[in-house]
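The next block holds one structure in the form of structure tokens; read it before the comments.
The values are calculated or read from the model by the stated rules, or taken from the named source; none is laboratory data. Keep in mind it's a predicted model, so treat the numbers as computed, not measured. FYI the Cβ positions are ideal-geometry reconstructions off the backbone, even for glycines, and counts take in every protein chain you see. The accessibility values were calculated without ligands, DNA or RNA, using every heavy atom of the protein model including side chains. Shrake-Rupley method; radii C 1.70, N 1.55, O 1.52, S 1.80 Å.
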Amino acid sequence: VRLLGPTDAWAFRDELRAFLDERCPPEALGGLGRAAVGIPAWARSWQAELFDAGWLLPENPRGLGGRDASATELLAYTEELAARGVLRSVHYPGYGIVGPTLTEFGSAEQHQLVGPALRGDDIWCVGMSEPDAGSDLAALRTRARPVRDGFVIEGQKVWTSFAPWARFCLCYARTNMATPARSAMSVFIVDMASPGVEVRPLRQVTGTAEFAEVTFDGVEVPAAALVGGEGEGWRIALAALTFERRGLWLEWLSGLVCAYRALLGRERTRGWRPAVADELAALYEEVLSVFALGMAGFARRGDPGLGPHSLLKLAVSELAVDLMELAVRTGYPTSLSGPDDDPVLGLEALLRSLGDTIGGGTADMQRNAIAARLLPRDPTAAR
Ligand SMILES: Cc1cc2nc3c(=O)[nH]c(=O)nc-3n(C[C@H](O)[C@H](O)[C@H](O)COP(=O)(O)OP(=O)(O)OC[C@H]3O[C@@H](n4cnc5c(N)ncnc54)[C@H](O)[C@@H]3O)c2cc1C
């Protein structure tokens, strides 16, 4: 799956290839297959090495994990990582959500946390969802009560990815119970070692426990922990969701291409079955279209915004489910814990892909965002 010609961004691509040939650890190969349990040492040092060399987020400025890459270079980077199935990191929230959010809304003091978040030196979790506030974030009930030197947080979060390992949480809470959440929500940096923070890991259907339930029982945070201003939480949440969806579809596209190539390779080895070949060809068209659509958005300079990222996140996550289902349906490993489960195409990969249609906003919510932000309004509806 390639959109660029062999000579496009060749110097950039050559440098990247040489770096990956020399430095990429074997554990980082294999796309977005079976997630590591916890954050292993190899993943920490690989992420830091990519950051230091300007290859973690090449579109970023130098010093922040990048090298001011152009849109064409970013496409070359995505193609190259996809072709090799290179995993950049095993924990997304720090570099995908928290880094850009603090860059845009944080104070000068909070900006000091950006580098370590992107480099993976500090593990972060994001506390948005609650038992009765998932798709409907405005229903959130966690409260931050102003006290003399800061705030006291009370409440409960759920599905908090990486909470068991996190040093900090970007926590969404209401600072005003009397007004609607959209004007009363604020964002705080909470040190997970603070008294009153309790993390209870939640075991998933795959057997691992990457997310947790987190309770905040009278957790004191200083005034300097407030991100943006009081009541700025809704605006910050919309931006954070845009960062999250933008990063996720780009990241998952690499995994999708890698899984596609793996399935193609296996089918070629076992001998082509016409019905499977037809389905693979149809999927190829769709994967390539998403690749082209996404990259056209980046090439237009400037971020295309929440609507296009919702569309791309939806497309990539649903295509991944289609691909994994095709793999399992056509005879690839189907036992979860057995040695025959395949990290890229097996049952665990299928279950994970289903989770990806929920995390970062469900497929239904992406469709709502697309309808509200991208589709033309029905002129008769207003009458
Ligand atoms: C892998 C994974 C990682 C996650 N990581 C995090 C994390 O780190 N931090 C965090 O805060 N959260 C995280 N989440 C939680 C995730 O954001 C929520 O699960 C998601 O927003 C849905 O919320 P919910 O589970 O409460 O479902 P609900 O909102 O209760 O939705 C239930 C069903 O109703 C549908 N629905 C709800 N409202 C509408 C509507 N208005 N229109 C159409 N359909 C609707 C939904 O699509 C869904 O099918 C993660 C989830 C997953 C799966």
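What the table shows:
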read-out: Test set (1) over 17 Å from the mean Cα position of the chain (by Cα); (2) at negative phi; (3) surrounded by fewer than 16 Cβ atoms within 10 Å (Cβ to Cβ); (4) not hydroxyl-bearing (Ser, Thr, Tyr) - Gly218 fails condition number; value: (2)
read-out: Checklist (1) open to solvent by less than 40 Å² (accessible area, probe 1.4 Å); (2) at pLDDT below 75 applied to Arg300, failing item; value: (1)
read-out: Conditions (1) free of Cβ contacts under 8 Å to residues at least 60 places away in the same chain; (2) within 16 Å of the ligand (Cβ to nearest atom); (3) hydroxyl-bearing (Ser, Thr, Tyr); number of the one not met by Thr101; value: (1)
read-out: Residue pairs meeting the criteria (Cβ under 7 Å; at least 6 apart or on separate chains; first closer than 22 Å to Gly127 by Cβ, in the stretch 343-366; second of a type in the set (Gly, Ala, Ser)); value: Asp356/Ser317; Asp356/Ala320; Thr357/Ser317; Thr357/Ala363; Thr362/Ser135; Met365/Ser135; Gln366/Ser310
read-out: Matching residues, the stretch 135-160, being of a type in the set (Lys, Arg) and touching a Gly at 6+ places or on another chain (Cβ under 7 Å); value: Arg141, Arg143, Lys157
read-out: The stretch 249-276, residues that are assigned to a helix (DSSP H, G or I) and open to solvent by 40 Å² or more (accessible area, probe 1.4 Å); value: Arg261, Leu264, Arg266, Arg268, Thr269, Arg270, Pro274, Ala275
read-out: Total residues in the stretch 166-213, condition closer than 17 Å to Gly359 by Cβ and of a type in the set (A, V, I, L, M, F, W, C); value: 8
read-out: Subset tally (residues that are surrounded by fewer than 22 Cβ atoms within 10 Å (Cβ to Cβ) and either within 16 Å of the ligand (Cβ to nearest atom) or among the basic types (Lys, Arg) (or both)) for the stretch 104-122; value: 1
read-out: Of residues in the stretch 127-145 being closer than 20 Å to Ser194 by Cβ and in contact (Cβ under 8 Å) with a residue 60 or more places away in the chain, the one surrounded by the fewest Cβ atoms within 10 Å (Cβ to Cβ); value: Thr142
read-out: All positions within the stretch 230-279 that are closer than 30 Å to Val152 by Cα and more than 12 Å from the chain's Cα centre (by Cα); value: Glu230, Gly231, Glu232, Gly233, Trp234, Arg235, Ile236, Ala237, Leu238, Ala239
read-out: Top-ranked residue of the stretch 209-229 - restricted to ones that are assigned to a strand (DSSP E or B) and within 16 Å of the ligand (Cβ to nearest atom), ranked as nearest to Gly38 (Cα to Cα); value: Phe211
read-out: In the stretch 171-198, residue most open to solvent (accessible area, probe 1.4 Å) [restricted to those that are within 14 Å of Arg235 (Cβ to Cβ) and within 16 Å of the ligand (Cβ to nearest atom)]; value: Arg182
read-out: Which numbered condition Asp136 misses (of (1) among the acidic types (Asp, Glu); (2) under 18 Å from Val221 (Cα atoms); (3) within 15 Å of the ligand (Cβ to nearest atom)); value: (2)
read-out: Failed item, numbered, when His91 is tested on (1) out of contact with any helix residue (DSSP H, G or I) (no Cβ under 7 Å at 6 or more places or on another chain); (2) touching a residue at least 24 places away in the same chain (Cβ under 8 Å); (3) away from the ligand (no atom under 11 Å from the Cβ); value: (3)
read-out: Search result, residues across the stretch 146-161 that are open to solvent by 20 Å² or more (accessible area, probe 1.4 Å), within 11 Å of the ligand (Cβ to nearest atom) and touching an Asp or Glu at 6+ places or on another chain (Cβ under 7 Å); value: Ser161
read-out: Any hit, the stretch 234-248, residues being among the acidic types (Asp, Glu) and assigned to a helix (DSSP H, G or I); value: yes
read-out: Hits in the stretch 33-91 - residues which are open to solvent by 40 Å² or more (accessible area, probe 1.4 Å) and among the charged types (D, E, K, R); value: Arg34, Arg44, Glu49, Asp52, Glu59, Arg62, Asp68, Glu73, Arg84
read-out: Search result, residues across the stretch 351-371 that are assigned to a helix (DSSP H, G or I), within 6 Å of the ligand (Cβ to nearest atom) and closer than 24 Å to Leu326 by Cα; value: Gly355, Asp364
